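The values are calculated or read from the model by the stated rules, or taken from the named source; none is laboratory data. As the structure is a prediction and not an experimental result, all values here were calculated from the model. Note that we place each Cβ from the backbone using ideal geometry, even for glycine, and neighbour counts take in every protein chain shown.
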Amino acid sequence: MLLSAVRDIRKLVKEARLLGYVVSSGACLLVGLITLYFALSQIVAGVAIALFFIYSAITLLLAWQFLNQRPQPYPLSDHLSRRWH
C-alpha cells in the first residue's frame, strides 16, 4: 500500500494539471472548513452542535439535488466481515 502511495505521488508531481486540481481542491476545502468553524463560533452552542452534526447530511442532499449523486447504503457488514476474516 505504501508503494502505491509513493507511485501516485510521483505521478502527481509529473502531471502539472492534476497537481493544480489537487492543490486547488485542498485550498477550497481549507477555506470551506475555516469559514464553517468561524460561522459556528458566532452562534449559540446548541445550534452550532446541531449544524455541525447534520453538515454531512446536508452535503449529501445537496449532492443528490445538484450533482445527481444518489445516496447509497454503506455495506458495513461486508466491510467488517472482510476485516475479521
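Just a few scattered comments:
- When region 25-37 is filtered for residues that are loosely packed, with under 11 Cβ neighbours inside 10 Å and not aliphatic (A, V, I, L, M), the ones remaining, listed by number, are SER25, GLY26, CYS28, GLY32, THR35.
- Test: ALA48 is touching a helix residue (DSSP H, G or I) at 6+ places or on another chain (Cβ under 6 Å) and assigned to a helix (DSSP H, G or I): yes
- THR35 vs. criteria of a type in the set (Val, Ile, Thr), at pLDDT below 90 and within 21 Å of the chain's Cα centre (by Cα): no
- Taken as a whole, region 19-27 holds no residue that is touching a residue at least 12 places away in the same chain (Cβ under 8 Å) and aliphatic (A, V, I, L, M).
- Selection count where residues are surrounded by 10 or more Cβ atoms within 10 Å (Cβ to Cβ) and either in contact with a Cys (Cβ under 6 Å, 6 or more places away or on another chain) or not in a loop (DSSP other than H, G, I, E, B) (or both), scope region 14-24: 7
- Among residues of region 38-56 being loosely packed, with under 10 Cβ neighbours inside 10 Å and aliphatic (A, V, I, L, M), the one that is modelled with the highest pLDDT is VAL44.
- Residue check, SER81 surrounded by 10 or more Cβ atoms within 10 Å (Cβ to Cβ), in a helix (DSSP H, G or I) and modelled with pLDDT of 85 or more: no
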